[in-house]
Amino acid sequence: MASHDLVIIGAGPGGYTAAIRAAQLGLNVACIEQEPALGGTCLRIGCIPSKAMLESSELFREAKEKFSQHGIVLPEVKLDLATMLRRKEQTVGILTKGVDSLFKKNKITRYLGRGRITAPGRVLVEGEKEKIELEAKYILIATGSKSSPLPGVELDGDRIGTSTEALSYPEVPGHLVVIGAGYIGLELGSVWRRLGAKVTVLEYLNRILPGMDDETAAEAKKIFERQGLEFRLGAKVTGAKVRGKQCVVEAAGAEPLVCDRVLLAVGRVPNTDGLGLESVGIKLDEKRRIPISGNFATSAPGVFAIGDVIGGAMLAHKAEEEAVACVEHLVTGHGHVNYDAIPGVVYTQPEIGSVGKTEEQLKADKVEYRKGVFPMMANSRARTIAQTEGKIKVLADAKTDRILGVHIIAAHAGDLINEAAVAINFGASSEDLARSCHAHPTLGEALREAALAVDKRTINF
Ligand code: NAD
């Protein structure tokens, strides 16, 4: 029986980051992954392939609709979807192989198969051909999540599918119906809209992007409508079926929709089945998540859990933070995650980036705040790149001026938001941000101007 200090189940951003950090700290680490490629949902069928498709489809849209503004005249812009899909797969391949090399470099033992806890300190790897029993001082569960099913929606793995299918449609659907106006629905809905599909988004709530700052989400909806996405809000989908070559989607109180393809994107559920948790007495909560206490410890001694299986935002970088904190705490006794400084990004065009509290949360918590807003149309760099949609909002404590939240809808918001996350992590005030020199001309100057606006002293607006 092979013996390791730490056995990790799952090689997504949580699991592989934990493996590398633990190896750096001197542990003998093993990581069990059932898929031949490392990297988990994020690298294989999530963040990375979707961002590759978002980039390609946006370039296609720009070539068709925006190049002429720059004086670039193309005779005809044609789509070669097969090449676009191949480029996406190549990108995924390079990055997943990169994780393999990192494992080798850090001398992490990799097991191919499903990991199942069989007793305290024992994990069984069930591969296609053989079973291997491992002895572990510590076990870390990082098995992530999967698309949530919806009663009545009959997934056929082709026409009615999840994000996995929507990353690889072999042709542009004539009409795509997206169920759910969250991260996945808006990103992949945008991809296929840009490539020419009619896209209808059905959303149960009366708004898009639940949990995001209301004002920012409302502005996003207007922009996406201008791009041609159709929204039906307050539409609770009750069923979707394949009928011949088409699909029929039913929603309470609305006419059924007939379409070519359906993307179900109503959230994700933790992968906590078949892990043998009962063998060590771990009981799941009502959402099938693994309850944890301090330092990601489960109720079973020596068993830890991080990422999508424990609740909180289902984000790759949140899992990575937890991975480092959990492993460092195990080895050094210290490790911490600042959940107030974890950004969220929707990679639409413009992108939406958010960190810290929303105005709605501050109002609910009765926190007095001041607000500074700066429109991207007043930012010179945004003008030069012809991407003037959106704005930046900084929320600061009314008494201390400490930054409590930043919400950005703008080109490259996903990069801009990191500065705000650093500021929040360092406990910065809006004045700290406002007094920090920002290079000119950059989009980041708009963040500084929004910080200046908290004290009503923007320069360029
Ligand atoms: P989500 O939670 O972001 O959005 C799901 C949406 O579906 C919600 O608006 C919800 O109200 C709606 N909905 C639920 N039931 C419905 C019904 N019966 N009819 C109509 N609408 C219904 O979920 P998602 O978009 O599936 O994403 C899943 C997870 O993956 C999220 O937690 C997200 O954090 C993560 N993710 C992140 C990124 C990113 O960081 N850019 C990208 C993709 C996914």
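Here are some notes:
- Subset of the range 182-212 [assigned to a strand (DSSP E or B) and either at positive phi or within 12 Å of the ligand (Cβ to nearest atom) (or both)]: T200, V201, L202, E203
- Test: E128 is in a loop (DSSP other than H, G, I, E, B), out of contact with any Asp or Glu (no Cβ under 8 Å at 6 or more places or on another chain) and either at pLDDT below 95 or more than 10 Å from the ligand (Cβ to nearest atom) (or both): yes
- The set of residues from the range 268-288 being surrounded by 15 or more Cβ atoms within 10 Å (Cβ to Cβ) and either near the ligand (Cβ under 10 Å from one of its atoms) or part of a loop (DSSP other than H, G, I, E, B) (or both) comprises R268, V269, N271, T272, L275, G276, I282, L284.
- When each of A252, A265, A235 is tested for being farther than 19 Å from L186 by Cα, within 10 Å of the ligand (Cβ to nearest atom) and not polar (S, T, N, Q), the lone residue that passes is A252.
- Residues satisfying the stated conditions in the range 213-230, i.e. over 22 Å from E359 (Cβ atoms) and either within 12 Å of the ligand (Cβ to nearest atom) or in a helix (DSSP H, G or I) (or both): E225, R226
- F103 meets the conditions (1) over 15 Å from P36 (Cβ atoms); (2) touching a helix residue (DSSP H, G or I) at 6+ places or on another chain (Cβ under 9 Å); (3) surrounded by 13 or more Cβ atoms within 10 Å (Cβ to Cβ) in every case but one. The failed one is (1).
- Test: residue in the range 109-119 that is in a loop (DSSP other than H, G, I, E, B) and of a type in the set (S, T, N, Q): no
- Here the range 308-331 is the region considered, the condition is being of a type in the set (A, V, I, L, M, F, W, C) and assigned to a loop (DSSP other than H, G, I, E, B), and the residue that is nearest to the ligand (Cβ to nearest atom) is M314.
- Residue within the range 242-257 that is surrounded by fewer than 16 Cβ atoms within 10 Å (Cβ to Cβ) and of a type in the set (K, R) present: yes
- Residue in the range 292-306 that is within 16 Å of the ligand (Cβ to nearest atom) and out of contact with any helix residue (DSSP H, G or I) (no Cβ under 7 Å at 6 or more places or on another chain) present: no
Okay, residues lined up against (1) in contact with a Pro (Cβ under 8 Å, 6 or more places away or on another chain); (2) outside any helix (DSSP H, G or I); (3) not assigned by TED's automatic domain parsing to the domain that holds I310:
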residue	(1), (2), (3)
R21	no, no, no
S50	no, no, no
E55	no, no, no
K64	no, no, no
P75	no, yes, no
E89	yes, no, no
D100	no, no, no
F103	no, no, no
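- Test: residue in the range 417-426 that is part of a strand (DSSP E or B) and within 23 Å of the chain's Cα centre (by Cα): no
- Qualifying residue in the range 364-372 (condition: surrounded by 17 or more Cβ atoms within 10 Å (Cβ to Cβ), under 26 Å from the mean Cα position of the chain (by Cα) and in contact (Cβ under 8 Å) with a residue 12 or more places away in the chain): no
The values are calculated or read from the model by the stated rules, or taken from the named source; none is laboratory data. Everything numeric here is computed off the predicted structure, so don't read it as measured data. Glycine also receives a Cβ, built like all others from the backbone with ideal geometry; neighbour counts cover every protein chain displayed.
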